[in-house]
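Working notes, beginning with the structure itself.
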Amino acid sequence: MRISLTKFLLSFGFLIVLQSFVSMKPAATKVIAHRGAWKNTAVPQNSLAALQHAIRLGCYGSEFDVHMSADSGLYVSHDHVIQNVPIEKSTARQLAAVKLPNGEPLPTLEAYLNAGKKQKKTRLILEIKPSQLGKAHSLALTQKCVETVRQTGTRRLVDYISFDYDVCKKVLALDPKASVAYLNGDKTPAEIKADGLDGMDYNQNVYKRNEAWIPEAKQLNRSLNVWTVNDKAQMQWFMERGFDFITTDEPEVLLELVRK
Ligand code: MG
C-alpha cells in the first residue's frame, strides 16, 4: 500500500511538472477571416455566406465592416459606396434595392449578428468604419453599433476594431468590458494600454518598421493582431513572433499552418 502511494505521489508530481511545461508553450496564433471566408469559396466579401464559411472552417474570428445610412440604419460593407449607392447618403428603402452578387440583400448589422450568434465558436470582429461625413457621424455610428450588439445579445461574441482612435475610446466609454483594438498603426503599446484598449491590430509593414513594439505589447499584456497577411512566409514570420491573431484573406492556408 505504501509503495503504491509513493508511486501515486511520484506520478502526480510528474504530471504537475509536465503541466507547467505545457503551459509555458506559447498559445497558437488564431485565425481571423478578413471580411469572412470569401476568396476560396467564391462568395462576396462581407456577405452572410462569407461569415458562414468562416464558421464552417473553424476560424477563431470573422471580420466585417459597418457603416451607417442617412436614416441611421447599420449595414455591413467594406466600401462607403456599393454598386454606385453611397451608404451614408442613402435610406433603408434605397439600400433594400442593393443585392450582393450571390443574391443576398446587403446585410444589416442586426441580420449579421443574428446569423453569427447561432454558434459560439467563431468570434465576430466588428470594424466600425470612420465616416466620410465627419467625426459626429462616426461617433453616432459607434453608439448605434454598441446598442445593436447589446440588443442582439451578442456582447460576449463581438470584438471591436477601428481606424479612428476616438471611435475605439467611445466603444470603451459605452461598454467598458468590450474588447477593442486599434487599426491605424500610429499608437505605441504604452498609449494603447493607457487608454484601456485591448490591443493593436496593425498593417504588417508597421510591425516591420517598429519591431520593438512586439515585445513591448507582450510585456504590457496587449493583444497583437496583424492585417492582411496572405503570404505563407509572412504568416510564419508573425507566428514565430507569437502574434495572438493574424487577419487574412486566406484562412484555409493559415489554418493549415497553425494546426501543424
Ligand atoms: Mg475591415
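Residue-wise test of (1) away from the ligand (no atom under 16 Å from the Cβ); (2) of a type in the set (Ser, Thr, Tyr).
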site	(1), (2)
LYS187	yes, no
LYS193	yes, no
PHE245	no, no
THR248	no, yes
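Just so you know, in the range 109-145 the residues that are under 21 Å from ASP166 (Cα atoms), in a loop (DSSP other than H, G, I, E, B) and touching a residue at least 60 places away in the same chain (Cβ under 8 Å) include one that is nearest to the ligand (Cβ to nearest atom), and it is LYS129.
Entry remark, the range 60-69: residues being over 23 Å from LYS120 (Cα atoms) and either within 16 Å of the ligand (Cβ to nearest atom) or in contact with a Pro (Cβ under 9 Å, 6 or more places away or on another chain) (or both) number 2 in total. Put simply, of LYS218, LYS177 the only residue that is modelled with pLDDT of 95 or more, of a type in the set (D, E, K, R), away from the ligand (no atom under 16 Å from the Cβ) and surrounded by 14 or more Cβ atoms within 10 Å (Cβ to Cβ) is LYS218.
Test LEU157 against the criterion of being within 16 Å of the ligand (Cβ to nearest atom), closer than 16 Å to LYS177 by Cβ and surrounded by 17 or more Cβ atoms within 10 Å (Cβ to Cβ), and give yes or no. No: the conditions fail for LEU157.
PRO107: in contact with a Phe, Trp or Tyr (Cβ under 6 Å, 6 or more places away or on another chain) and of a type outside the set (A, V, I, L, M), yes or no? When the stated conditions are applied, PRO107 does not pass them.
Does HIS80 count as within 13 Å of the ligand (Cβ to nearest atom) and at pLDDT 95 or above? Considered against the rule, which asks whether it is within 13 Å of the ligand (Cβ to nearest atom) and at pLDDT 95 or above, HIS80 comes out as yes. Looking only at residues of the range 35-44 that are under 16 Å from the mean Cα position of the chain (by Cα) and among the small types (Gly, Ala, Ser), we find that the one that is farthest from the ligand (Cβ to nearest atom) is ALA37.
From the list LEU224, LEU254, LEU197, the one residue that fits, being more than 16 Å from the ligand (Cβ to nearest atom), at pLDDT 95 or above and over 22 Å from ALA28 (Cβ atoms), is LEU197.
Please indicate, with yes or no, whether at least one residue in the range 83-91 is over 25 Å from LYS30 (Cβ atoms), more than 16 Å from the ligand (Cβ to nearest atom) and free of Cβ contacts under 8 Å to residues at least 12 places away in the same chain. Among the residues of the range 83-91, at least one is over 25 Å from LYS30 (Cβ atoms), more than 16 Å from the ligand (Cβ to nearest atom) and free of Cβ contacts under 8 Å to residues at least 12 places away in the same chain, which makes the answer yes.
Tallying residues that are touching a residue at least 24 places away in the same chain (Cβ under 8 Å), closer than 27 Å to ALA27 by Cβ and either surrounded by 22 or more Cβ atoms within 10 Å (Cβ to Cβ) or within 16 Å of the ligand (Cβ to nearest atom) (or both) within the range 45-59 yields 3.
The values are calculated or read from the model by the stated rules, or taken from the named source; none is laboratory data. Source: prediction; values computed, not measured. Here the Cβ is made from the backbone with ideal geometry for all residues, glycine too, and neighbour counts use every protein chain on show.
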